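Below: one structure, written as structure tokens.
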Amino acid sequence: MYQSNSSFIDEKMIRFFDIAQSSLLPLLEGALYYTIPLTFISFCIGLILAVLSAIARISTIKIFQKISRVYVSIIRGTPLLVQLFIIFYGLPNIGIILDPFPSAIIGFSLNVGAYGSEIIRAAILSIPKGQWEASFSIGMSYRQALKRIILPQASRVSVPPLSNTFISLVKDTSLASLVLVTEMFRKAQQIAARENEFLLLYAEAGLIYWVICFLLSIIQMKIENRLERYIAK
């Protein structure tokens, strides 16, 4: 009986390691071809939306202010999962059919844009008003002052929170599996369903997410340390 149980445990462990080893490459492929590109593309588009929305929010043109406020309010006030479902499953009802990957990019970009908008707006407002006054006193226009003086300083202030948003986006891409994007977590779901090893595959996917976020945290720390050199103390 003891030998039988021992043999069963050995077979179980061998199968466990075989599945872990064979599933590693598909998971890494899902991360390389979908998770990472989805993160970078969505963040870049979202960052552009964030800057435009933040500038619109602080502008003196009322219509731009209202559009920005409505956009930020809607995106921040609804769950990301609901937004993805509306884009992928809801829009076909009105004749707009999108593939899974573009749908995910649109959803994540809008989300990053809304949250990033508030980060950048707060960074701009943190710049002393004397910077604006000094810019105007040497003949700069509002646009020139914003582009050459205010935004460069605000970008340094906004790097830490925007970096955190980027790292959070890496984890949020797992929601793309629910709109049929075959990113890393969906790969884990497919393999787990086939092998009936849910704990193993989900833990393995979680470990890969953690490694990616850990490496990004190191990069974030180095960027912040570099930026601190230009801050007067």
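One line per residue, one yes/no per condition, for (1) aliphatic (A, V, I, L, M); (2) surrounded by fewer than 18 Cβ atoms within 10 Å (Cβ to Cβ); (3) under 24 Å from Pro102 (Cα atoms):
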position: Thr173; (1), (2), (3): no, no, yes
position: Ala176; (1), (2), (3): yes, no, yes
position: Leu180; (1), (2), (3): yes, yes, yes
position: Glu183; (1), (2), (3): no, no, yes
position: Leu201; (1), (2), (3): yes, no, no
position: Leu215; (1), (2), (3): yes, yes, no
position: Ile219; (1), (2), (3): yes, yes, no
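I need the full set of residues from the range 33-61 which are assigned to a helix (DSSP H, G or I), among the β-branched types (Val, Ile, Thr) and exposed (fewer than 15 other Cβ atoms within 10 Å of the Cβ), in order please.
Residues of the range 33-61 assigned to a helix (DSSP H, G or I): 33-58.
Next cut, among the β-branched types (Val, Ile, Thr) only: 35-36, 39, 41, 45, 48, 51, 55, 58.
Within the range 33-61, Ile48 is the sole residue that qualifies.
Just one of the listed residues (Ile75, Ile87, Ile149) is buried (at least 17 other Cβ atoms within 10 Å of the Cβ) and modelled with pLDDT under 95, namely Ile149.
The values are calculated or read from the model by the stated rules, or taken from the named source; none is laboratory data. Predicted model only: the values in this text are computed from it and were never measured. Here the Cβ is made from the backbone with ideal geometry for all residues, glycine too, and neighbour counts use every protein chain on show.
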